[in-house]
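Undergrad: Pasting a structure below so you can have a look.
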Amino acid sequence: TQVSQNSLIQATSKEKTLIVIGDKYSGKSSIISSLSFNPTEKIPKPTQAIDFNTIVRGSGGAKVGLKIYEVGGGRMADNLVNVGLSKETLSNTSFMIVLDFGKPNEMLDSLMFWLRVIRSSVQTTLI
């Protein structure tokens with residue numbers, strides 16, 4: 001449940017944030033599903049707006065909590081990238097840009113777009 005996952009995250013010794021972004025239907029949900037080792041979800045549903053997941057890994061006292069924010073909706077939802085960011089969490093936040101290899105002619109444009117979004121989001125967070 002969400003409450004127990006949040007309790008586990010708070011009890012961990014390290015907490016990280018991953019913000020997953022990319023164009024629509026690029027495979028963001030599939031990657032997150034494989035990260036969470038959730039074999040029951042065969043074909044993830046398209047994400048509307050933003051989706052939040054938590055993963056806790058480790059043994060004994062050395063646990064790491066990972067908060068995953070998936071920004072769905074492609075470029076139209078680029079303003080949602082800021083949802084998982086704050087000055088306090090920025091140093092422990094990573095971004096994953098997912099590119100659609102089925103559209104090789106659009107990959108560079110997509111990469112450059114999402115890099116600009118990240119830069120803008122980080123600058124806004126630091127102000």
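What follows is calculated from the coordinates using simple rules that are stated; it is not laboratory data. Owing to the predicted nature of the structure, the values given are computational and were not obtained by experimental measurement.
Undergrad: What translational diffusion coefficient, in µm²/s and rounded to a whole number, does the Stokes-Einstein relation yield for segment 56-127 at 25 °C and a viscosity of 0.890 mPa s, taking the hydrodynamic radius as the Kirkwood radius over Cα pairs?
TA: In µm²/s, the coefficient rounds to 174.
Undergrad: So which lysines can K24 reach, going by Cα to Cα under 20 Å and dropping same-chain residues fewer than 8 places off?
TA: Leaving aside lysines fewer than 8 places away in the same chain, those within reach of K24 are K42, K45, K103.
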